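Reviewing the structure listed below.
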Amino acid sequence: MKIPASMPRLKGFRHPREIIAYAVWAYHRFALSTADVEDLLAERGVIVSRETIRLWVNRFGAHFADCIRRDRPSAADKWHLDEVVIPINGTKYWHWHWRAVDANGEVLDILVQKQRNAKAAKRFLRRLINRFGPPRVVITDKLRSYFKPIRDLAPNADHRAHKGLNNRIEGSHRPTRKREKIMGRFKSSRQAQRFLATHDQINTIFRPRRYRISAISYRHSRSDAFHLWTDYALEMTA
């Protein structure tokens, strides 16, 4: 990634913001650990510890994710909802990763919760409706926990409970499942929420569904994503 070196330096940080932005991008764009990013920077003559990279990712990853959410086009009114189990602190504690994508495959939101019941489904659905408004169609699997919350919060929505119709969101889980294996485990639900919410948004602009567009369109999309990333890097604050 080529980020202009003329960016103003972040107050209180020894390294310029283009290096910080590159580290955050590399960590979330590829299945890399902080040690991998440390080696990438070292090859470019930038000596920084993996702990510093971890702090950059935690501190500025949310900034980039918020910018992407802010500039994202309006969501489609057809939603796919699903939940998968994730280990917290090894296999000692299990949590549920609730996810929603629209008809275009764009991730609307994720929420890490302890439960998989109707109360948890209602909390997640209310969060979505407050942000995007009521949906026209909601597609879920046959989990009974969805039925009453959808009926109460989106009474006019067409609820389609069918496992075969939810392939779009099943595919959306794959990048984050891959990252979970690389990371080994999440230490807490807070860490899982912070990482997954950021990782999904960054992947939204840097991982378009390439099989659906031509090579030229993909290159244009990638170029636009890099320009956006540069603009977001300029908005970073200490």
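General remarks:
- Crossing angle, helix 215-234 versus the chain [Cα axis fit, 0-90 degrees, rounded to tens]: 70 degrees
- Each label was represented as a point 7 Å from its Cα along the Cα-to-Cβ direction; for Arg174 and Arg14 these points are 4.1 nm apart.
- Within the chain, antiparallel bridges make up roughly 65 percent of the DSSP beta bridges whose residues both belong there.
- In the full protein context, the chain carries 54 Å² of accessible surface per residue, based on a 1.4 Å probe and ignoring ligands, DNA and RNA.
- Size of electric dipole in the chain: Cβ of Lys, Arg +1 and of Asp, Glu -1, about Cα centre, debye, nearest 20: 760 debye
- Scanning residues 5 or more positions from His95 or on other chains, those with amide H under 5 Å from its amide H are Ile86, Ile88, with H placed 1.01 Å from N in the peptide plane.
- Projected area, mean over directions - segment 1-56, Cα convex hull, nm²: 3.7 nm²
- Value of Rg/Rh across segment 169-238 [Cα atoms, Kirkwood radius]: 1.04
- Across all directions, the average flat footprint of the convex hull enclosing the Cα atoms of segment 96-225 is 8.9 nm².
- Springs join every pair of Cα atoms under 10 Å in this Gaussian network model of the chain, and among Ala75, Ala118, Ala215 the largest mean-square fluctuation is at Ala215.
- Segment 37-77 pair-distance distribution - Cα-Cα, 10 Å bins, rounded %: 26, 32, 24, 14, 4
- Equivalent-ellipsoid semi-axes for segment 42-101 (Cα gyration tensor, √(5λ), whole Å, largest first): 30, 23, 9.
- Equivalent ellipsoid, segment 1-116 (semi-axes from 5 times Cα gyration tensor eigenvalues, Å): 31, 20, 12
- Above-threshold pairs, the threshold being 21 Å between Cα atoms, out of Lys163/Lys187; Lys119/Lys178; Lys119/Lys148; Lys148/Lys187: Lys163/Lys187; Lys119/Lys178; Lys148/Lys187
- Extent along principal axes [Cα atoms of the chain; Å; largest to smallest]: 56, 44, 31
- Shown for the chain: the carbon plus sulfur share of the solvent-accessible area, taken with all protein chains present and a 1.4 angstrom probe, equals 50%.
The values are calculated or read from the model by the stated rules, or taken from the named source; none is laboratory data. Quantities reported herein were computed from a predicted structural model and do not represent experimental measurements. Note that we place each Cβ from the backbone using ideal geometry, even for glycine, and neighbour counts take in every protein chain shown. These accessible areas exclude ligands, DNA and RNA; they are computed on the full protein's heavy atoms, side chains included. Shrake-Rupley method; radii C 1.70, N 1.55, O 1.52, S 1.80 Å.
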